[in-house]
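A.B. asks: Encoded as structure tokens, here's the structure I'll be asking about.
The values are calculated or read from the model by the stated rules, or taken from the named source; none is laboratory data. Note that the coordinates shown come from a computational prediction; the quantities given were computed from them, not determined experimentally. Quick reminder, even Gly has a Cβ in these numbers, built from the backbone with ideal geometry, and neighbours come from all protein chains shown. Quick note on the areas: whole protein, heavy atoms, side chains included, nothing else; ligands and nucleic acids left out. Shrake-Rupley method; radii C 1.70, N 1.55, O 1.52, S 1.80 Å.
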Amino acid sequence: METEQNGDDATGMRPRYVTRSRHVEPCCLEPNKYSIGTMALTQVTSNKCSGGYQKVFEHDSTELKCKMKFAIYLPPKAENGKCPVFYWLSGLTCTEQNFITKAGSQQAASEHGIIIVAPDTSPRGCNMEGEDESWDFGTGAGFYVNATQEPWKTNYRMYAYVTEELPRLINANFPADPERMSISGHSMGGHGALICTLKNPGKYKAVSAFAPICNPMQCAWGQKAFTGYLGEDKKDWEVYDATVLAASYSGPQMDILIDQGRDDQFLSASQLLPDNLIAACSEKKIPVVFRLQPGYDHSYYFIYSFINDHIKHHAKFLNAEKV
């Protein structure tokens, strides 16, 4: 979650979207540089940034059955070949805009030659009863699960979108290396990054998180979301809880980096519960670098302060020589 709940950009104003023709050249670091993929994309915005391009696209999602936006940063190295992809999952109330306008990730991504993809946090505009009634459930709060309950199960399939549909879309339309993916996120998105990695051993070369919701079965945010999306049976919740998944993990070794603000109000409110995840990882000998950062809260000021460390962590694994 971010302290702002309106999805506004860094200036405090609603972003202006300029819709362009469908079937545009998605990569277009240089005109007609890359061949277009097979999926229809609408370019919404494009801005030169740190030698590359920060873009936003819209498409019709087959998993979510609605239009979805995602942001993509294309570094200069993408002009000359395929680059690894760092997926970023945002927190409660956010859109694809929050990370790209506030985190300051583009310079480090440019230097390391990494594409960054940041999707929205939920389906939007599905006209479902109750989807806009609260900030921590429904719109802006998809929790990166595949819902099994009515009426959510038709559209609220963010786990499948993030792990399957979106990578296919990116790999088909941009100079992305499908063998080199990593994932990170903040708060609800940190939860998403952790479960995507733990549920898909070896799929992601690296994982990190900022103030993740580590044990959603045991916190109010998670209990509300899981009850609504997954039903009352807590056994069905376990497959989307990072602490539970870590306790049974048997995949290849991974190194997890977590930054947590010591002055985060949601840490003190027992919404994040990092100690539970650390204990489970310790039991399974999963390496975790957990950094408790004095004075920092839950906001994007915190993310901005340490995002370069996270991109460097990911680059170490994404840019490792293939053997």
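A.B. asks: Which percent of Cα pairs goes in each bin when the distances of segment 170-286 are cut into 10 angstrom slices starting at zero?
C.D. replies: Bin by bin from 0 Å, the calculated values are 14, 44, 31, 11, 1.
A.B. asks: Find the percent of Cα-Cα distances in segment 103-252 that exceed 19 Å, and round it to a whole number. Display every interim value, and only then the final one.
C.D. replies: Values: 6013 of 11175 pairs.
Pairs farther apart than 19 Å: 54 percent.
A.B. asks: So, by mean Cβ neighbours within 10 angstrom, what's the order for 274-280, 48-54, 130-136 with the highest one leading?
C.D. replies: In decreasing order of mean packing, 274-280, 48-54, 130-136 become 274-280, 48-54, 130-136.
A.B. asks: Which pairs break 21 Å Cα to Cα here: K69/K102; K102/K316; K153/K203?
C.D. replies: Too far apart for the 21 Å limit: K102/K316; K153/K203.
A.B. asks: Can you give the direction-averaged projected area of the convex hull of the alpha-carbon atoms in the chain, in nm²?
C.D. replies: Over every viewing direction, the Cα hull of the chain projects on average to 15.4 nm².
A.B. asks: I would also like to ask the following. To the nearest 0.05, how large is the calculated FRET efficiency for S250 and N47 if R₀ is 30 Å and r is the Cβ-Cβ distance?
C.D. replies: The calculated FRET efficiency here is 0.10.
A.B. asks: Taking the solvent-accessible surface of protein heavy atoms with a 1.4 Å probe, what is the per residue accessible area of segment 168-219 in Å²? Mind showing how you got there, number by number?
C.D. replies: Details: 1080 Å² over 52 residues.
With all protein chains present, segment 168-219 gives 21 Å² per residue.
A.B. asks: Ok, one more. Can you give the charge dipole size of the chain about its Cα centre, rounded to the nearest 20 debye, using +1 on the beta carbon of Lys and Arg and -1 on the beta carbon of Asp and Glu?
C.D. replies: Dipole about the Cα centre, nearest 20: 980 debye.
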